[in-house]
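Undergrad: One structure, pasted below without further comment.
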Amino acid sequence: MSRTALRLARKAGLLTAALGLTVPATAGTAAAAEPARTARTAAAAALPQFSSVSRLFEGDIAGPAESVHVKGTLDISVITLPGAAGGGTAQIISSLDDTTSTGLASHATYYLVGAQRNNAPFSAAATTTLNVKPTFLLVPPTGAPRRVQPLTVTVVVTSTGVISGITAVLG
């Protein structure tokens, strides 16, 4: 029986060494647990964040030959990539969906189409309000398409990359 116990202890010791498992000398004390909790909290704060919304819009914009009434949906996705020390970069992806456009004078059909990704830095010190104006194409019934920036997308991001608001306005 003692031989079996010694053999099991030796195997357990080898297994512990092979897995790299160690027991710290200060195990169980609050001082030893604090750095691990802080490291986990910092790692969780540095994770990318994601939010996606759809915003309705409607109004008039300047077209190539006349004012154009546009109505549609803007799909917005935001991904924040925080840095280890706070701050980071936000990727703001804006794409048009179910958009109709009509010339105010001619009643001709225009097409407002497109999608764009904008990158914007956010601060490590405080909450940052990011404003981007994505570029889309306004396609008239005749003639060449024209680049337009009719919408302003606003994203509010905390210093750790948490997305706290997304809006879009025409004009």
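The values are calculated or read from the model by the stated rules, or taken from the named source; none is laboratory data. Because the structure is a prediction, the values reported are computed rather than measured. We place every Cβ from the backbone using ideal geometry, glycine too, and count neighbours over all the protein chains shown. What goes into the accessible areas is simple: the full protein's heavy atoms, side chains included, and nothing from ligands, DNA or RNA. Shrake-Rupley method; radii C 1.70, N 1.55, O 1.52, S 1.80 Å.
Undergrad: Go through (1) surrounded by fewer than 13 Cβ atoms within 10 Å (Cβ to Cβ); (2) of a type outside the set (Lys, Arg); (3) free of Cβ contacts under 8 Å to residues at least 12 places away in the same chain and name the single condition Pro145 misses.
TA: (1) is the only condition that Pro145 fails.
Undergrad: Among the residues in the range 131-147, are any farther than 14 Å from Ile61 by Cβ and of a type in the set (Val, Ile, Thr)?
TA: Among the residues of the range 131-147, at least one is farther than 14 Å from Ile61 by Cβ and of a type in the set (Val, Ile, Thr), which makes the answer yes.
Undergrad: Of all residues in the range 63-91, count the ones that are part of a strand (DSSP E or B) and either closer than 28 Å to Val157 by Cβ or touching a residue at least 40 places away in the same chain (Cβ under 8 Å) (or both).
TA: Number satisfying all stated conditions: 17.
Undergrad: Scanning the range 114-134 for residues that are open to solvent by 40 Å² or more (accessible area, probe 1.4 Å) and touching a strand residue (DSSP E or B) at 6+ places or on another chain (Cβ under 6 Å), which turns out farthest from Lys71 (Cα to Cα)?
TA: Within the range 114-134, the match that is farthest from Lys71 (Cα to Cα) is Pro121.
Undergrad: Okay, moving on. Considering the range 60-95 alone, what residues qualify as being within 27 Å of the chain's Cα centre (by Cα), modelled with pLDDT of 95 or more, open to solvent by 30 Å² or more (accessible area, probe 1.4 Å) and farther than 13 Å from Phe50 by Cβ?
TA: Within the range 60-95, Lys71, Asp75, Thr89, Ser95 meet the criteria.
Undergrad: Restricting to the range 100-126, and then to whatever is at pLDDT 95 or above and of a type in the set (S, T, N, Q), can you tell me which residue is farthest from Gly59 (Cα to Cα)?
TA: So the residue we want is Asn119.
Undergrad: Can you name the residue in the range 154-171 that is in contact with a Pro (Cβ under 9 Å, 6 or more places away or on another chain) and within 21 Å of His69 (Cβ to Cβ) and is also most open to solvent (accessible area, probe 1.4 Å) among such residues?
TA: Filtering first and then ranking leaves Gly171.
Undergrad: Moving on. Out of all the residues in the range 53-76, which are within 15 Å of Ala108 (Cβ to Cβ) and β-branched (Val, Ile, Thr)?
TA: Correct list: Ile61, Val68, Val70.
Undergrad: Which residue pairs have Cβ atoms closer than 8 Å, lie 6 or more positions apart in sequence or on different chains, and pair a first residue in the range 96-110 that is at positive phi with a second residue that is surrounded by 14 or more Cβ atoms within 10 Å (Cβ to Cβ)?
TA: Matching pairs, first to second residue: Asp98/Gly72; Asp98/Thr73.
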